[in-house]
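K.L.:
Pasting a structure below so you can have a look.
The values are calculated or read from the model by the stated rules, or taken from the named source; none is laboratory data. Please read these numbers as outputs of a predicted model, since none were measured by experiment. When we count neighbours, we look across all protein chains shown, and the Cβ atoms used for this are built from the backbone with ideal geometry, even at glycine.
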Amino acid sequence: MKRVAVIGAGYAGLAVSVGLAHFGAVVRCLDINEQKINQLSLGVLPIHEPDMEEMMHLQMTEGRLSFSTDLAAGIGQADIIFIAVGTPGEEKGSPDVTAVFSVADMIGQYAKKDAVVVVKSTVPVGTCEAVQARLREQTCGASACEVVANPEFLREGHALHDFLQPDRIVLGAAGERSLAVMRDLYAPLVETGVPLYTTDWQTAEMIKYSANSFLAMKVAFINEIARLCDTVGADIETLSAALGADPRIGGRHLKPGPGYGGSCLPKDTEAFARLARQAGMPLSIIESVIESNQRQQTYVVQRVKQVLSDLRDRRIAVLGLAFKANTDDMRESPAISVIDHLLSERAQVTAYDPKAMKKARERWGGRIRYGKDVYEAAEGAHALLILTEWPEFLAVDKDKLARTMEEKNIFDFRNMYNRHQWKEHGFQYIGIGK
Ligand code: NAD
């Protein structure tokens, strides 16, 4: 039976832990955050991820999944050790890999000598090689550990589903032994036809950054076209449907919005661009994508100003704070820059999100107000801004909103609605690119 340690109980680490336990491995998920581990040990998932909590309970009950803060013991018992700690973006665009290296040093101290060390975190090119070098320096146990790069492509809001049904598995390695161990670990997926790409560390690390940069580029592209549609009077919805019908382009990630956000696309595009600059081979397309995404967030506020003119003391209800639906994650959410911008224009903001209210309170404290639902947020508002495409927003009672709002302006920055439905209720409807 395979004994797996997963270090880092975040979105990625939890999906890996629950998913591998589901495939039959005995998994111990480790984290330095005591509060998180205590919660998890009681069967409470500290993040919002559909289906994950139920599956986690099942694996815990069947004895394949446990949680601990004792990294040394967890590492010492494992045959395979996943590093899934955070690699947050720093000011200058390079990801902070301190946690990856500090965990690598612990692995060096406590791991069995032939354990396989898997880098799941998204890391710049050269990191896996550096982790291997750190392990080799150890005089005790872990000197023979082999490092594998195994980037993760899951989407928040679909984390478990994506781990259990990935589009591909990428393994970067320098040794045959570690590759064989990983092939065996992922056999339940490979046997069902999931493509497996084996390569070196550098290529595996590059694949992850290329994938996220490409996705960011698609989003930025359609957002730019939507801005142009607004200006020339064209319709982005028909345009993007017709564009995506070409299989060389593909229809996914071609929906305009307030800009991409989250814990991955912004930091990974910044990191990739920086890496390329340092290598003397700038990625001019990605540099433009980053700039274009910032422009989109500014554009959203400009659109509001075009209608309300002066925002001072205007009451704005912002619906949706998470960077996308089905997650409570607000990291780099466009809502952050939009709300900060509205506040700098002296607008009065009331916000509501089905899952991200706790994080919003931590972010803005008393600088904004919070609604307990859509209607409380919209009370007395001069405009309603939709920033996240939560399905529950589709079912809002437009009559009730019309009665409660001071002025009936709706800015649908996710293009969720049919404009005619709002017009029937007396609203001025402003979508994006349509
Ligand atoms: P997260 O912030 O949700 O979780 C990271 C966890 O690591 C936290 O619980 C933290 O307490 C823990 N941690 C930090 N330092 C530690 C240490 N020294 N020892 C033990 N635990 C430590 O992060 P995440 O979103 O799960 O991302 C983790 C990595 O996976 C990142 O590199 C990210 O880029 C990558 N990734 C994330 C996603 C995603 O959708 N979130 C998708 C693919 C890849």
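K.L.:
Just give me the residues in segment 100-115 being near the ligand (Cβ under 10 Å from one of its atoms), of a type outside the set (A, V, I, L, M) and over 22 Å from ASP200 (Cβ atoms), in sequence order.
P.N.:
SER102, ASP105
K.L.:
A follow-up question, please. I'm checking my understanding of the structure. Among residues of segment 138-171 that are within 10 Å of the ligand (Cβ to nearest atom) and not in a helix (DSSP H, G or I), which one is surrounded by the most Cβ atoms within 10 Å (Cβ to Cβ)?
P.N.:
GLU156
K.L.:
Here's another thing I want to ask about it. Pull up segment 276-288, narrow it to residues that are small (Gly, Ala, Ser) and part of a helix (DSSP H, G or I), then point me to the one that is surrounded by the fewest Cβ atoms within 10 Å (Cβ to Cβ).
P.N.:
SER284
K.L.:
So, one more: Quick check on my filter: what residues within segment 244-275 are touching a helix residue (DSSP H, G or I) at 6+ places or on another chain (Cβ under 8 Å), assigned to a helix (DSSP H, G or I) and closer than 17 Å to SER292 by Cβ?
P.N.:
LEU265, PRO266, ASP268, THR269, GLU270, PHE272, ALA273 - these are the residues of segment 244-275 that are touching a helix residue (DSSP H, G or I) at 6+ places or on another chain (Cβ under 8 Å), assigned to a helix (DSSP H, G or I) and closer than 17 Å to SER292 by Cβ.
K.L.:
Considering each of LEU30, LEU58, LEU45 in turn, give the residue that is modelled with pLDDT of 95 or more, loosely packed, with under 15 Cβ neighbours inside 10 Å and either under 24 Å from the mean Cα position of the chain (by Cα) or more than 30 Å from GLY126 (Cα to Cα) (or both).
P.N.:
The unique qualifying residue is LEU58.
K.L.:
Suppose we filter segment 82-106 for residues that are closer than 25 Å to LEU42 by Cβ and not small (Gly, Ala, Ser); how many remain?
P.N.:
Of the residues in that region, 3 qualify.
K.L.:
Just to check your reading of the model, which residue among ILE236, ILE249 is of a type in the set (Val, Ile, Thr), away from the ligand (no atom under 16 Å from the Cβ), surrounded by fewer than 23 Cβ atoms within 10 Å (Cβ to Cβ) and not assigned by TED's automatic domain parsing to the domain that holds SER178?
P.N.:
ILE249
K.L.:
Go over the candidates VAL97, VAL118 one by one and state the one that is in the same structural domain as MET182 (by TED's automatic domain parsing), buried (at least 20 other Cβ atoms within 10 Å of the Cβ), in contact with a strand residue (DSSP E or B) (Cβ under 6 Å, 6 or more places away or on another chain) and closer than 25 Å to THR203 by Cα.
P.N.:
VAL118
K.L.:
Shifting gears a bit: In this structure, does ALA174 turn out to be touching a helix residue (DSSP H, G or I) at 6+ places or on another chain (Cβ under 9 Å) and more than 16 Å from the ligand (Cβ to nearest atom)?
P.N.:
So ALA174 passes the test.
K.L.:
So, ILE37, is that one within 10 Å of the ligand (Cβ to nearest atom) and either within 20 Å of THR98 (Cα to Cα) or at pLDDT below 95 (or both) or not?
P.N.:
Here the answer is no, as ILE37 does not meet what is asked.
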